[in-house]
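The values are calculated or read from the model by the stated rules, or taken from the named source; none is laboratory data. This one's a predicted model, so the numbers in the text were calculated from it and none came from an experiment. Cβ placement follows ideal geometry from the backbone for every residue including glycine, while neighbour counts extend to all protein chains displayed.
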């Protein structure tokens, strides 16, 4: 699964006298610029910056933020490489007439580039190219946010020694201490100095003043415990992720068991201006569905913001999943409250709201259609009719609400508004039992979204119990696993017999390939069948890969290469979707390989080769040829 070494064969070119501006022939080699008119080419030429670089000059460092330029090579040579198992692997050499496309500005670079002889280049801003490529010229784009979240460490946010209090101290003492020290929280410590909890100014307002508690109330009786902590060497982005996941606004900074300080969501907001923690707070405090509807569109802005902050595509997915889960949970709470106000009463029995598909896998970036269901506890006979009636109303109300929040109804009707997908636990178990014991390829293809099942709202214990039962049954169902493996092979990777890209020959997407259908899905489906065969409860694709590797299904090297391949495809897909949004068109999953830079084309081709290897392994392990 390594790059063929012939890609590293060096192509020499004579270094020649530099030109004042790049010729049209060179400019039209820029991605998406083959058919630009003379006015646009002149504008790009006037914006180009020329530079003469000595041997060994580094243009890009692997893992560093991608710069906002394309590099047109006029003369000399540039080596493109990446680190592979602690050694440099040469991907390509670029010479006169080539274009170095570093990728999407702000995201981590997938490789390094440096000159190997004196080289002359023209640098053209990607943001300007994008304006001419997708729309008429417009005012220069606002500069992207800086990268502080992915550069600064938690230790840099700590503003001094933490303010602490004994658990036996009174809330009056704590309030006075916070006022004198001008802090918004105190860490509660045990007699030995170990941190055991936190009290914030908000706790004093909501737990003491609002309840009319006496001033002698002890700090220990109102503190939030256990204390959520983070190591000082972690990135500020990790702190943001932890705050969002845990629904907290303060983290204790602890190293080797010793308290070093406290950071708050305000510290991160001051560092960056705005972030998902603020959106999560707004979701949780939304008082009406109308209010929630005004908040939901901000998820798209969060995705663009995180991408601009160099967040990894998998990190973006986790943040967005957290926000979408919050939206669904808060919507569910508001809908249940509204139904009660309209005389429908409360849920007759415990229930869980289920997410499937990309939401179940925590892999949404931009919003997709609804894939959900509802399971409720088997009611006694006297409540069966009431339960069915109540959850019918709830399922339909939630489908309407989620549609208002930007999640379109599912064309296949895989929603809790469909009676088939809102049933007691025993009926759901019956569904899975039939799917596993009498597998039918056409049914499994459509029902496969429920093999990514995750409880999101309601009584999540009920949902987890159902999914744990599925995971216990699946490893023993050999025929079912073979059929699921067959489903995983339905979409082959788009590489031809001789290793070239297979693209659409006609239609709206002529010369393009579908990254979702031919890249993302093969990985998702392969990891799904591996996880089910091992009884792993994980639903996220990367987590499933890690779990399978931990159980010996893949070596560490194989797992690393599979993860890298999936990340390349997911990153290019997200880049395409964000470009569509910037162009004012609906996001899609189609890219033209010829429109990519050479390095990205090589990375994508290698990623598809890795997935091809994965599919052949599925074919062999699960003996799919035996079921025709």
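Considering segment 578-600, and only residues there that are surrounded by 19 or more Cβ atoms within 10 Å (Cβ to Cβ) and part of a helix (DSSP H, G or I), the residue that is nearest to the chain's Cα centre (by Cα) turns out to be 578. Just to be sure before I move on: is residue 68 outside the structural domain of residue 565 (by TED's automatic domain parsing), over 28 Å from the mean Cα position of the chain (by Cα) and either within 18 Å of residue 31 (Cα to Cα) or modelled with pLDDT under 80 (or both) in the structure I sent? So residue 68 fails the test. Given the conditions (1) free of Cβ contacts under 8 Å to residues at least 24 places away in the same chain; (2) in a loop (DSSP other than H, G, I, E, B), report the number of the one that residue 503 does not fulfil. Looking at each condition in turn, residue 503 falls short on (1). For residue 39, the conditions (1) assigned to a loop (DSSP other than H, G, I, E, B); (2) at pLDDT below 85 are fulfilled apart from (1).
Among the residues making up segment 375-406, those that are touching a strand residue (DSSP E or B) at 6+ places or on another chain (Cβ under 9 Å) and in contact (Cβ under 8 Å) with a residue 60 or more places away in the chain are 375, 376, 377, 398, 402. In segment 412-419, is there at least one residue being farther than 30 Å from residue 320 by Cα and without any contact (Cβ under 8 Å) to a residue 60 or more places away in the chain? Checking segment 412-419: not a single residue is farther than 30 Å from residue 320 by Cα and without any contact (Cβ under 8 Å) to a residue 60 or more places away in the chain.
Out of curiosity, is residue 406 at positive phi and surrounded by 15 or more Cβ atoms within 10 Å (Cβ to Cβ)? Yes, satisfied.
Could you list, in sequence order, the residues of segment 359-373 that are touching a helix residue (DSSP H, G or I) at 6+ places or on another chain (Cβ under 8 Å) and either under 25 Å from residue 581 (Cα atoms) or surrounded by fewer than 24 Cβ atoms within 10 Å (Cβ to Cβ) (or both)? Once the filter is applied, which keeps residues that are touching a helix residue (DSSP H, G or I) at 6+ places or on another chain (Cβ under 8 Å) and either under 25 Å from residue 581 (Cα atoms) or surrounded by fewer than 24 Cβ atoms within 10 Å (Cβ to Cβ) (or both), segment 359-373 yields 359, 360, 361, 362, 363, 364, 365, 366, 367, 368, 370, 371.
Going by what's in this entry, would residue 233 be described as within 15 Å of residue 154 (Cβ to Cβ) and either touching a residue at least 40 places away in the same chain (Cβ under 8 Å) or assigned to a loop (DSSP other than H, G, I, E, B) (or both)? Answer is yes for this residue. Checked against (1) within 19 Å of the chain's Cα centre (by Cα); (2) part of a helix (DSSP H, G or I), residue 620 passes all but a single condition, namely (1). For segment 428-449, state whether one or more residues are touching a residue at least 60 places away in the same chain (Cβ under 8 Å), touching a helix residue (DSSP H, G or I) at 6+ places or on another chain (Cβ under 9 Å) and under 16 Å from residue 332 (Cβ atoms). No, segment 428-449 contains no residue that is touching a residue at least 60 places away in the same chain (Cβ under 8 Å), touching a helix residue (DSSP H, G or I) at 6+ places or on another chain (Cβ under 9 Å) and under 16 Å from residue 332 (Cβ atoms). Restricting segment 96-118 to residues that are within 25 Å of residue 28 (Cβ to Cβ) and not in a loop (DSSP other than H, G, I, E, B), the residue that is modelled with the lowest pLDDT is 99. Could you list all residues from segment 536-554 that are touching a residue at least 40 places away in the same chain (Cβ under 8 Å) and not in a loop (DSSP other than H, G, I, E, B)? 541, 542 - these are the residues of segment 536-554 that are touching a residue at least 40 places away in the same chain (Cβ under 8 Å) and not in a loop (DSSP other than H, G, I, E, B). For the structure I just gave you, tell me whether residue 377 is buried (at least 17 other Cβ atoms within 10 Å of the Cβ), farther than 30 Å from residue 300 by Cβ and in contact with a helix residue (DSSP H, G or I) (Cβ under 8 Å, 6 or more places away or on another chain). So residue 377 passes the test.
Among the residues of segment 319-352, which ones are within 20 Å of residue 246 (Cα to Cα) and in contact with a strand residue (DSSP E or B) (Cβ under 6 Å, 6 or more places away or on another chain)?
Filtering segment 319-352 down to residues within 20 Å of residue 246 (Cα to Cα) leaves 319-333.
Once the filter is applied, which keeps residues that are within 20 Å of residue 246 (Cα to Cα) and in contact with a strand residue (DSSP E or B) (Cβ under 6 Å, 6 or more places away or on another chain), segment 319-352 yields 325, 328, 329, 332.
Selection of first residues in segment 177-192 that are in contact (Cβ under 8 Å) with a residue 60 or more places away in the chain and of second residues that are part of a helix (DSSP H, G or I) and surrounded by 17 or more Cβ atoms within 10 Å (Cβ to Cβ), restricted to Cβ pairs under 8 Å at least 6 apart or on distinct chains, gives the following pairs, ordered by first then second residue: 184/178; 185/178.
The lone criterion from (1) farther than 26 Å from residue 577 by Cα; (2) surrounded by fewer than 17 Cβ atoms within 10 Å (Cβ to Cβ); (3) under 30 Å from the mean Cα position of the chain (by Cα) left unmet by residue 467 is number (2). Considering every residue within segment 189-198, establish whether at least one is out of contact with any helix residue (DSSP H, G or I) (no Cβ under 8 Å at 6 or more places or on another chain) and crowded, with 21+ Cβ neighbours inside 10 Å. Yes, because at least one residue in segment 189-198 is out of contact with any helix residue (DSSP H, G or I) (no Cβ under 8 Å at 6 or more places or on another chain) and crowded, with 21+ Cβ neighbours inside 10 Å.
In segment 464-482 there is at least one residue that is in contact (Cβ under 8 Å) with a residue 40 or more places away in the chain, over 22 Å from residue 322 (Cα atoms) and outside any helix (DSSP H, G or I).
Pull up segment 71-83, narrow it to residues that are buried (at least 17 other Cβ atoms within 10 Å of the Cβ) and modelled with pLDDT under 85, then point me to the one that is nearest to residue 117 (Cα to Cα). If you could, list the steps in order and put the result at the bottom.
Taking segment 71-83 first, the residues buried (at least 17 other Cβ atoms within 10 Å of the Cβ) are 71-82.
Of the ones still in play, those that are also modelled with pLDDT under 85 are 80-82.
Values: 80: 13, 81: 16, 82: 19 Å.
Looking at residues that are buried (at least 17 other Cβ atoms within 10 Å of the Cβ) and modelled with pLDDT under 85, I get 80.
If I filter segment 555-574 for residues that are in a helix (DSSP H, G or I), farther than 30 Å from residue 447 by Cα, out of contact with any strand residue (DSSP E or B) (no Cβ under 7 Å at 6 or more places or on another chain) and touching a residue at least 40 places away in the same chain (Cβ under 8 Å), do I get at least one hit? Write out each step before concluding.
Of segment 555-574, the ones in a helix (DSSP H, G or I) are 556-574.
Right, trim to farther than 30 Å from residue 447 by Cα and you get 556-557.
Applying the additional criterion that residues be out of contact with any strand residue (DSSP E or B) (no Cβ under 7 Å at 6 or more places or on another chain) yields 556-557.
Imposing the further condition that a residue be touching a residue at least 40 places away in the same chain (Cβ under 8 Å) reduces the set to 557.
The answer is yes; a qualifying residue exists.
Among the numbered conditions (1) over 25 Å from residue 463 (Cβ atoms); (2) in contact with a helix residue (DSSP H, G or I) (Cβ under 6 Å, 6 or more places away or on another chain); (3) buried (at least 19 other Cβ atoms within 10 Å of the Cβ), the only one that residue 330 does not meet is (1).
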